[in-house]
1. In the set A:Leu7, A:Leu30, A:Leu13, which member is surrounded by fewer than 19 Cβ atoms within 10 Å (Cβ to Cβ), facing another protein chain (nearest Cβ under 7 Å) and modelled with pLDDT of 90 or more?
2. In segment B:48-64, what count of residues is obtained for those that are at the interface with chain A (Cβ under 7 Å from one of its Cβ atoms), surrounded by fewer than 24 Cβ atoms within 10 Å (Cβ to Cβ) and not β-branched (Val, Ile, Thr)?
3. Name the single residue, out of those in segment A:75-96 being within 10 Å of B:Arg153 (Cα to Cα) and surrounded by 15 or more Cβ atoms within 10 Å (Cβ to Cβ), that is nearest to the chain's Cα centre (by Cα).
4. For segment A:37-70, give me each residue that is more than 7 Å from chain B (Cβ to nearest Cβ) and either in a helix (DSSP H, G or I) or touching a residue at least 24 places away in the same chain (Cβ under 8 Å) (or both).
5. If I filter segment B:108-124 for residues that are closer than 26 Å to A:Ala8 by Cα, in contact (Cβ under 8 Å) with a residue 12 or more places away in the chain and crowded, with 22+ Cβ neighbours inside 10 Å, do I get at least one hit?
Amino acid sequence: MAGPLALALVLGLAGLSYAMRATGALLPNLPAAITSRTGGLAPALLAALVAIQLTGPNGVIHLDVKVPAVLVAALLAAFRAPFIICVIAGAVVAALLRAVFHL
Amino acid sequence: MRQILLAAAPIAIAVFVFGASFGVLAVAAHLPAWSVVLMSALVFAGSAQFAALGVIVAGGSVLTAIFAGALLNLRFVATGIAVAQSLPGSRLLRSLLAQLSIDESYALSVRAGVPGRPDGKTLLVTGACLYVVWILGTSIGAVLGPVLGDPKRLGLDAAFPAGFVALLWPMLSGRHAVRCAIGGAAVALALAPFTPPGIPLAGAAVVGLWLAR
């Protein structure tokens, strides 16, 4: 990625993140009914990101090495493995399948 | 002070390793090393940085990546309100100090505080330690990344969905979170075939807010 584009990515994300963390100090009187709902965002977005990365442009599951990689990571996460172990295991599964089956 | 640091130590190791893995993956995704370290210094939110990078690796635009990362950080509006009353100084200073709140420092400050009032000192000390460790880890990962070789042969493209699942799983305690996850994935899949990138994530965010309780 070119430098200016990377800088735009960093500054855009940083600016919005700053504003979100600063909201409490600058506007202390936001109604709790709004803020308590933000807890639902993270699970919904992460599940959406997984779903999009595992499917092709037509919305149907795209069977490549990412599918077994995610299944292994999910299994490890279910057994409370640390984040980094899940990530490495997913990458290793994908790399092995590519090397062995030339996928 | 000593108690605070002892409680933060194991978390600091985990944050360091997370930072290093982010650095490796970001450099492998062809982001310039300086921008990777700058992102960790200015954003200081692992899951948001990871999500933004995942969007880029999957071929999404910079705007979609910012959007995905920022939406994941919306929970900091809620934690920011909770910690604001425990922080010292003027509004401006408090808005700066609130940047030290991440999931881990917030959790420790809630544990050290009284109900409804997180402990400000714990938040600041833990947050500052984790901030340093996060940047250090990212820098080391960004330096090591190019040594490792071809990202696709190493399976690094699969590392992102694997990481998303690993971030998601511990959140799935309670019916509400499961409902939000299933709803978010379903809406994203329904929108993906006929909307531009970013819209499926926006749909998932709306469903997440709607189903949160």
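The values are calculated or read from the model by the stated rules, or taken from the named source; none is laboratory data. Owing to the predicted nature of the structure, the values given are computational and were not obtained by experimental measurement. As a convention, Cβ positions derive from the backbone with ideal geometry for all residues, glycine included, and neighbour counts pool all protein chains shown.
1. Working: A:Leu30 fails: modelled with pLDDT of 90 or more; A:Leu13 fails: surrounded by fewer than 19 Cβ atoms within 10 Å (Cβ to Cβ).
Criteria check complete, one pass: A:Leu7.
2. Number of matching residues: 1.
3. Taking segment A:75-96 first, the residues within 10 Å of B:Arg153 (Cα to Cα) are A:91-92, A:94-96.
Cutting the leftovers down to surrounded by 15 or more Cβ atoms within 10 Å (Cβ to Cβ) gives us A:91-92, A:94-95.
On the way: A:Ala91: 15, A:Val92: 18, A:Ala94: 17, A:Ala95: 20 Å.
Only one residue fits best here, namely A:Ala91.
4. Initially, segment A:37-70 is screened for residues more than 7 Å from chain B (Cβ to nearest Cβ), giving A:56, A:60-64, A:67-68.
If the condition is that a residue be more than 7 Å from chain B (Cβ to nearest Cβ) and either in a helix (DSSP H, G or I) or touching a residue at least 24 places away in the same chain (Cβ under 8 Å) (or both), then A:Asp64, A:Val67, A:Pro68 are the ones that fit.
5. Start the filter on segment B:108-124 by keeping residues that are closer than 26 Å to A:Ala8 by Cα, which leaves none.
Scanning segment B:108-124, I find no residue that is closer than 26 Å to A:Ala8 by Cα, in contact (Cβ under 8 Å) with a residue 12 or more places away in the chain and crowded, with 22+ Cβ neighbours inside 10 Å, so the answer is no.
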